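Below is one structure, written out as structure tokens; the observations come after it.
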Amino acid sequence: MSALVIEREVIGGMFVNTGKKKTVKNLGWLFRHGNLVTELHFKQDGLEYRLTAYLVDGRIYSTHFASREVFTTVFNRNRNMRGVVCFFNDGEYQYVGELTTK
């Protein structure tokens, strides 16, 4: 499954979309840039979920995910994302958590 990375730049102290987008192959891109991730948003999008990661340099990574259980299993294995704040919204409940590693 592919994902989309949106480039942004700082103008007047705020991030502004530059219009540059690129498709990346899989989660490997996000894990390689994991030390730059400031927060993750995991939201129900129809029958599946959408993961959106915000990076400190302004880039946004976005992809679909099968389930919350798959998300937590995959992301809790990645050590360089330990402590990243996660915002979950499953349509009925909203909660905030932090990634830990096993």
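What the phi angles of segment 83-99 give under the Karplus curve with 6.51, -1.76 and 1.60, with θ = phi - 60°, is a coupling list of x, 5, 6, 10, 10, 10, 9, 9, x, 9, 10, 10, 8, 10, x, 9, 6 Hz, glycine and proline written as x. For the pair GLU48 and TYR93 in one chain, pulling the backbone fully straight at 0.36 nm per residue adds 14.7 nm over the alpha carbon distance. About its Cα centre, segment 3-98 has a charge dipole of approximately 460 debye under the convention of +1 per Lys or Arg Cβ and -1 per Asp or Glu Cβ, with nothing else charged.
Along segment 55-71 the Karplus relation, 6.51 cos²θ - 1.76 cosθ + 1.60 evaluated at θ = phi - 60°, assigns HN-Hα couplings of 9, 4, 8, x, 5, 10, 10, 9, 7, 8, 9, 6, 7, 5, 5, 5, 4 Hz to successive residues, with x for each Gly and Pro. Just name one of CYS86, HIS64, ASN76: the one whose Cα is farthest towards the positive end of the charge dipole of segment 37-102 (beta-carbon charges, Lys/Arg +1, Asp/Glu -1). My answer, from the dipole projection, is ASN76.
May I have the convex hull volume per residue, in Å³, for the Cα set of segment 61-100?
So the per-residue Cα hull volume is 82 Å³.
Under 5 Å between amide hydrogens, built in the peptide plane, is the criterion, and for ARG59 it picks out ARG8 among residues at least 5 positions away or on other chains. Stokes-Einstein diffusion for segment 3-98 at 20 °C, viscosity 1.002 mPa s, with a Kirkwood radius from C-alpha pairs, works out to 154 µm²/s.
Any read-out appearing in this document is the output of simple, stated calculations on the displayed coordinates, not a laboratory observation. The model shown is predicted, which means the values in this text are computed figures rather than measured ones. We place every Cβ from the backbone using ideal geometry, glycine too, and count neighbours over all the protein chains shown.
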